Each structure stands twice: as C-alpha cells, then as structure tokens.
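**Student:** The structure's right below; bear with me while I get my questions together.
Read-outs throughout are calculated quantities, based only on the coordinates presented, and are distinct from any laboratory measurement. In this text the structure is predicted, and so the values were computed from the model without any measurement. No Cβ is skipped: glycine too gets one built from the backbone with ideal geometry, and neighbour counts run over all protein chains shown.
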Amino acid sequence: MKKYLYLYVVAFSAAIISSVTIYALADILDVLVMTSTRDPYRAAKAPPYYGYISQIRSTIWLITGTATLTTALIARKALSCRVSDLSPYRIILLGGIIGLFMALDDILLFHDEYADILGIPEILFHLFYGAYMLSLIVYSRNVLRLTPWLLFFSALFCFACSSVVDEILYAPTGGNLSETENVFKFCGVVLFAFYFLYVSWDFISKYDTSKQSNT
C-alpha cells in the first residue's frame, strides 16, 4: 500500500479535479452536464456517420503523435539519446510533438471554432505549422536523407495543397472546394503517419547502444 501511496494520491486527485472541472465547464458554458459529456453525435442529434473521415483523421494524428513521442521518451530514458545525436532521434522527438499537437488541434477545434472566438486568423495556424516543419527539416537535414524522406515531403506537399485551397482558393471565393481541402489533408496525415511510425520503429529496433553520443 505504502509503495503506491503517491500514485494513489495523484490519480484520485486528478479524477476529482476532472469531475469538478466537468461541472464547472457545464455551468460556464450554460449546458447540461449530460449534453457536454455525451457523444457529440448524440448531443447534436446528428447521424453517427457524419464526420467519420474527420474522426479517422484525428485518430491517425493521435496514434502517430502518441506513438512517436512515446518512442522518443523511451529512447531518451532507456538509451540516453540526445537531440545532438546524429540519429533520427531528433526527427522522432519533433515529429511526435507536432503530431500530438495537431491531433489535439483537430479534435478540440483550436484552429476553427476557438480561433474565430478569440479573433485569431486561421492562416496563423498554417504559418506556424509550416514554420515548425521547416525548422524540423533544417535542424535534421543531415539525418533526414537517411530516412524515407519522400513520404515526409509528400505529406508536406499534401498539407500545403490543403492550405492553399483553404486560404487562397476557397476562403476568398466561398466556392465549394472544402472537400478538396479535406481530401488533401487526409492524404497528408496518412503519409505523415507512415513516415513517422516507420522511422520510430526502425530507430528503436536498430539503435546501437555502443554508439551513443556523450554530448
């Protein structure tokens, strides 16, 4: 019992805080707790197949980001990897962070609903993601070429096409191009997932502890 006392305290405290937060948010948003905690399709009384592809896309983001970041954390803890290592570790770490962040963005609608509420132009999100990916490329340029980089750049190409359709073609005209935007985005997510999951698996399965960097 004493061995896990700290864990019990933290876990039960987190559960209690989560419960209180649910009721507090329901009161702030002026919605029923039953409505805010139900499946969104039932809460909105929409057919369950609405938004299926969007949900699948968010799920792929979440799996990829979580798995990749977990690989990075394990490599850091068990293998003492550093971002200064001449290995794909830095790619995995940076990719896991952005993958998980984009999953939360997709699921919680940061770049859509809440950006509008706060008055933040959606294009700033696109610019942020673009700058982050560019930083990943520049920072990992010596290692990136040793990985299946064609998948990575193909994913970025799809994301860029999605952004162009959304911000340049669709937004000003109000035309019916949103479907194309989402298709490009979905293709990009799939390619992104293949790249980072493969690199993570390949790295962790082939890592040679005798070549660890001391920096």
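**Student:** Given H placed on each backbone N at 1.01 Å, which residues far from C81 in sequence or on other chains put an amide H within less than 5 Å of it?
**Tutor:** Hits under the 5 Å cutoff: R76.
**Student:** Apply the Karplus parameterisation 6.51 cos²θ - 1.76 cosθ + 1.60, with θ equal to phi minus 60°, to every residue of the range 55-72 and state each ³J(HN,Hα) to the nearest whole Hz, in sequence, with x for glycine and proline.
**Tutor:** Residue by residue, the range 55-72 yields 5, 4, 4, 5, 5, 5, 4, 5, 5, 5, x, 5, 5, 5, 5, 4, 4, 5 Hz.
**Student:** I want to make sure I understand the PRE zone here: with the label point 7 angstrom from the Cα of L7 toward its beta carbon, which residues in the range 34-76 have backbone N atoms less than 18 Å away?
**Tutor:** Within reach of a label on L7: no residues.
**Student:** For L150, L79, what's the fewest-to-most ordering of other Cβ within 10 Å of each Cβ? Write out the running numbers ahead of the final one.
**Tutor:** Working: L150 10, L79 17.
By the 10 Å Cβ count, ascending, the order reads L150, L79.
**Student:** Could you go through the range 127-136 in sequence order and give the Karplus-derived ³J(HN,Hα) for each residue, using 6.51 cos²θ - 1.76 cosθ + 1.60 with θ = phi - 60°, rounded to whole Hz, and x for Gly and Pro?
**Tutor:** Those phi angles translate into 5, 4, 5, x, 5, 5, 5, 5, 5, 4 Hz.
**Student:** Sticking with this structure for a sec: Could you please report the charge total around E181, scoring K, R as +1 and D, E as -1 over all other residues with beta-carbon less than 11 angstrom from its beta-carbon?
**Tutor:** That sum, taken over residues with Cβ under 11 Å, equals -2.
**Student:** Here's another thing I want to ask about it. Evaluate the distance, in nm, between pseudo-label points positioned 7 Å from the Cα of S84 and of S54 along their respective Cα→Cβ axes.
**Tutor:** 4.6 nm
**Student:** How many nm is it between the label spots at L127 and V164, if each spot is 7 Å from the Cα in line with the beta carbon?
**Tutor:** 2.0 nm
**Student:** When only Cα pairs under 8 Å and 6 or more residues apart are kept, what is the percent relative contact order across the chain?
**Tutor:** Values: 177 pairs, mean separation 48.0, N = 215.
Relative contact order of the chain: 22 percent.
**Student:** Then there's this: Mind checking which lysines have their C-alpha under 29 Å from K45, skipping anything on the same chain fewer than 8 residues away?
**Tutor:** K185
**Student:** Dipole size in debye (nearest 20) for the chain around its Cα centre, Lys and Arg Cβ +1, Asp and Glu Cβ -1?
**Tutor:** 1220 debye
**Student:** Please order R57, R38, R141, R76 by the number of other Cβ within 10 Å, starting at the fewest.
**Tutor:** Ascending number of Cβ neighbours within 10 Å: R141, R38, R76, R57.
**Student:** Now a separate question. So how do M133, M1, M102, M34 line up by other beta-carbon neighbours within 10 Å, fewest first?
**Tutor:** M1, M34, M133, M102
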